[in-house]
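Taking it in order: structure first as structure tokens, then the write-up.
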Amino acid sequence: MPDMEGNKDAKQYQSDVAQKTEGFFLKGSNSLEWGMKDRLARIFNPVSGHTVMLAFDHGYIMGPTSGLERMDLTIVPLIEYADCIMCTRGALRTIVPPTAGKPVSLRYSAGTTVLTELNDECVMDIEEAIRINASLLAVMVAVGDRYEAITIRNLTRTVDLGSRFGIPTLGVTAIGKDMTRDARYLSMASRVCAENGAHVVKTYYCDGFEKVAATCPVPIVLAGGKKLPELDALEMAYKAIDQGAAGVDMGRNIFQAGDPIAMIQAVRAVVHDMETPDKAYDLYNTLKNQK
Ligand code: R5P
């Protein structure tokens, strides 16, 4: 028990200095609970407001895809350059060092693979997400797909479970087989995720992306998609950030690049410093040629 006698009187009231009431830097996130904000502020850099998430969760639907055959050799060296890692619990436990110190966007939904039909998914126990200290729960949402209702129920359930423990949810807009990746579809899918409680939305770049970003009331991160030439991928990232994305959640365009370590640094230059694609590509080549 602390001493009750001889303590200094409290005098430093500074009643002429108003206590600051600061807003939170992320779009649509000001009313969230402290733990949610803390987790989001570990994912998104509070200075730039942006994030570079490294996605390597592809194995859960695709198996050992190119660049992910030996994640211990190809992914682990990239982790230090990422603001956040997006992966399955299997990858996390088997190859990610617990000392990496990066927030984890946990692949929280799982189900069918590319060999059958995608998107017939369930979600895992929230205790598992807490056990591995997840900072974000990533759930596939397939608007317009045959499994639309299942995936929206999964999102709703995840938001409910995560909210109990202060863990935000990432709505990942999946593209149904008959859907076109245009602004009309992606803005609807993104908005459906946000309206159902997603705290962050991941979607693809398209013509008219600024409309997708403007009509989504929470931060959007850009999914990279299939491998492009490095300069094209940097241009896509630049345009997305310029048009309102709060970062990228990129996989193949980083780990399948000619030099993945150089590429993730070039992507960082675009996302955090708004470096032009040409300058970021110069950086990519400089770093690549240094080896
Ligand atoms: C897709 O379901 C996975 O969540 C991937 O993480 C996502 O597509 C991002 O990876 P990529 O940039 O390779 O498209």
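State all residues of region 194-212 that are under 12 Å from ARG184 (Cα atoms) and in a helix (DSSP H, G or I); if no residue qualifies, say none.
Residues satisfying the conditions are PHE209, GLU210, LYS211, VAL212.
So if I check each of VAL139, VAL123, which one is within 14 Å of the ligand (Cβ to nearest atom) and of a type in the set (Val, Ile, Thr)? First the steps, then the outcome.
Working: VAL123 fails: within 14 Å of the ligand (Cβ to nearest atom).
None of the others qualify; the one that does is VAL139.
Quick test of your reading of the structure: TRP34 fulfils all but one of (1) modelled with pLDDT of 95 or more; (2) surrounded by 18 or more Cβ atoms within 10 Å (Cβ to Cβ). Name the failing condition by number.
It is condition (2) that TRP34 fails.
Of all residues in region 221-245, count the ones that are closer than 22 Å to ARG191 by Cβ, of a type in the set (A, V, I, L, M, F, W, C) and over 17 Å from the mean Cα position of the chain (by Cα).
0
Among the numbered criteria (1) free of Cβ contacts under 8 Å to residues at least 12 places away in the same chain; (2) closer than 16 Å to ARG39 by Cβ, which single criterion is violated by SER105?
Of the numbered conditions (1) free of Cβ contacts under 8 Å to residues at least 12 places away in the same chain; (2) closer than 16 Å to ARG39 by Cβ, the odd one out for SER105 is (1).
So ALA129 fits all but one of (1) in a loop (DSSP other than H, G, I, E, B); (2) buried (at least 21 other Cβ atoms within 10 Å of the Cβ); (3) away from the ligand (no atom under 15 Å from the Cβ); what number is the exception?
Every condition holds for ALA129 apart from (1).
Condition check: without any contact (Cβ under 8 Å) to a residue 60 or more places away in the chain, surrounded by fewer than 19 Cβ atoms within 10 Å (Cβ to Cβ) and acidic (Asp, Glu). Does GLU195 satisfy that?
Numbers: without any contact (Cβ under 8 Å) to a residue 60 or more places away in the chain: yes; surrounded by fewer than 19 Cβ atoms within 10 Å (Cβ to Cβ): yes; acidic (Asp, Glu): yes.
Yes; evaluated as a whole, the condition is true for this residue.
Working only within region 199-208, note down all residues that are more than 14 Å from ALA174 (Cα to Cα) and crowded, with 24+ Cβ neighbours inside 10 Å.
Hits for region 199-208 are HIS199, VAL200.
Can you tell me which residue is farthest from GLY111 (Cα to Cα) among those in region 84-99 that are away from the ligand (no atom under 15 Å from the Cβ) and in contact (Cβ under 8 Å) with a residue 24 or more places away in the chain?
So the residue we want is ILE95.
Yes or no: region 32-48 includes at least one residue that is more than 16 Å from the ligand (Cβ to nearest atom), part of a helix (DSSP H, G or I), of a type outside the set (Gly, Ala, Ser) and over 25 Å from GLY197 (Cβ atoms).
no
A quick yes/no check of all residues on (1) closer than 30 Å to ASN119 by Cα; (2) loosely packed, with under 11 Cβ neighbours inside 10 Å; (3) among the aromatic types (Phe, Trp, Tyr):
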site	(1), (2), (3)
VAL17	no, yes, no
SER29	yes, no, no
ALA41	yes, no, no
PRO46	no, no, no
THR65	yes, no, no
GLU69	yes, no, no
ASP72	yes, no, no
ALA82	yes, no, no
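In region 232-254, what residues are touching a strand residue (DSSP E or B) at 6+ places or on another chain (Cβ under 6 Å) and charged (D, E, K, R)?
If the condition is that a residue be touching a strand residue (DSSP E or B) at 6+ places or on another chain (Cβ under 6 Å) and charged (D, E, K, R), then ASP249 is the only one that fits.
Quickly run through region 246-267 and pick out the residues that are in contact (Cβ under 8 Å) with a residue 40 or more places away in the chain, crowded, with 22+ Cβ neighbours inside 10 Å and either more than 18 Å from the chain's Cα centre (by Cα) or within 15 Å of the ligand (Cβ to nearest atom) (or both).
GLY247, VAL248, ASP249, MET250, GLY251, ILE254, PHE255, ILE264, VAL267
The values are calculated or read from the model by the stated rules, or taken from the named source; none is laboratory data. These numbers come from a predicted model, not from an experiment. No Cβ is skipped: glycine too gets one built from the backbone with ideal geometry, and neighbour counts run over all protein chains shown.
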